[in-house]
Structure formats: structure tokens, C-alpha cells
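First the structure, in the form of C-alpha cells, and then the observations on it.
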Amino acid sequence: MSTPRRQLIDIIEQGIIPPKKIDAALSIAKITPDGKNWRTFIDHLLLWLGGLALAFAVLFFIAYNWKDLGHFAKFGMVEGFIVLTIAVYCKLAENSIASKVSLLVATISLGVLLALYGQTYQTGADSWQLFFNWALLMLPWAIIGRFPAIWILWVVLMNVSIIAYSAQTDQSFRRIVTTCSVLL
């Protein structure tokens, strides 16, 4: 199955389109983006980067001000941020880019909340439990959002939790997982 781009390249290589008309052919076939496509791409890129910057800003703000903030302030900021991002998701259209960004930011903030809980109360939990619980708690959001980036994060968290668990327990399982990851 060939793409329009591949088909156009084949036509150009066969010499059907003269070299002077290649730019016009690319424009007609809409293979090269126009100004509107570039603006849309940059708009979406900046929206994604801004959302991720907000999520990590909350994380770094709490980490930097760890001694100055009380327990309630730390938890209140993260929980309030999660509620805010979920409210933004609910308010926006389901398939809009902004709603997907807000759901991904909420998912990342959930991990921040779990790390904050583990660090504040020193539960003694192993690191694999943090990643597993994060993946378990974000699963409903992944199902509701039907968004590939959240599913990729979920798969990564599950893999990290399996590898961390195997590192603490059975070394033979760890070798199997390492071998499989190298083959992929």
C-alpha cells in the first residue's frame, strides 16, 4: 500500500514530472504543509509543551519548597491541581487537543501525588508499588480518555513496575524480561 507521497516520488523518478514542476506538484498533492498547517502544528505543539510544563512546574515547586511547605499545603496544591485539570477535561469537548492535554497532565500529577504521599509518610513501600499503583489508578482515565499517550504512559509504568519487582525478587524472571526487551 503506497502513500500519495510515495506515488509522487515514483512519478518524479520516472521522469513524468519535469524538475521545474516538482514544487507545483508537491503543492497540488498537498504533501508539503502550507501556512495554515504549520500554524496548527505549532499551536498544538505549544499547547502540549505548556501542559507538560505546568505539570512539572507543580512537581518542581513542591520539591524546591519542601521544607517551607507544610503537609497540607503540599497535598492541597497537588490535589487542587488534579481537580482543576479534570474539571478542564470535563468542560472541554471530548476529542479536543486541550482536553487530551489536561487529562495527560492530570495523569502525571497523579504520579506526583503518589510520590508525595510515599515521601511524606515513608510508607516503606517498594518502588515497584509506586509505579504499579500509579498505573492502576490511572487506568480508568486511560479507558475514558481513549488517548494513545496515556496508554503509552500506562504501558511504561507497568513495564517499570514489573522490572522493579523482578529486580527485588526472582533473578531468572529478570533475565527473561531483559532478554525480551532487548529483542524488541
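Scanning for something outside the structural domain of F147 (by TED's automatic domain parsing) and surrounded by fewer than 18 Cβ atoms within 10 Å (Cβ to Cβ), does region 101-110 turn up at least one residue?
So far as region 101-110 goes, no, none of its residues is outside the structural domain of F147 (by TED's automatic domain parsing) and surrounded by fewer than 18 Cβ atoms within 10 Å (Cβ to Cβ).
Within region 57-67, can you find the residues that are outside any loop (DSSP other than H, G, I, E, B) and without any contact (Cβ under 8 Å) to a residue 12 or more places away in the chain?
A57, F60, A63, Y64
Could you count how many residues in region 6-44 are under 30 Å from V101 (Cα atoms) and assigned to a helix (DSSP H, G or I)?
The total comes to 10.
Looking at G50, G76, which is the one that is more than 19 Å from L114 (Cβ to Cβ) and modelled with pLDDT of 90 or more?
Of the residues listed, the single one that is more than 19 Å from L114 (Cβ to Cβ) and modelled with pLDDT of 90 or more is G50.
Restrict the check to region 107-121 and report whether at least one residue is modelled with pLDDT of 90 or more and farther than 27 Å from S166 by Cβ.
Yes, there is a match, as at least one residue in region 107-121 is modelled with pLDDT of 90 or more and farther than 27 Å from S166 by Cβ.
For region 106-138, give me the residue count where each residue is over 17 Å from L84 (Cα atoms), of a type in the set (A, V, I, L, M) and over 14 Å from the mean Cα position of the chain (by Cα).
So the count comes out to 7.
Inside region 85-97, can you point out the residues that are surrounded by fewer than 15 Cβ atoms within 10 Å (Cβ to Cβ) and touching a helix residue (DSSP H, G or I) at 6+ places or on another chain (Cβ under 9 Å)?
Correct list: A87, C90, K91, A93, E94.
Restricting region 144-184 to residues that are among the aliphatic types (A, V, I, L, M) and at pLDDT below 70, which is nearest to A98 (Cα to Cα)?
Out of the qualifying residues, it is L184.
Take L49 and tell me if it is in contact (Cβ under 8 Å) with a residue 12 or more places away in the chain and assigned to a helix (DSSP H, G or I).
The answer is no for L49.
The values are calculated or read from the model by the stated rules, or taken from the named source; none is laboratory data. In this text the structure is predicted, and so the values were computed from the model without any measurement. When we count neighbours, we look across all protein chains shown, and the Cβ atoms used for this are built from the backbone with ideal geometry, even at glycine.
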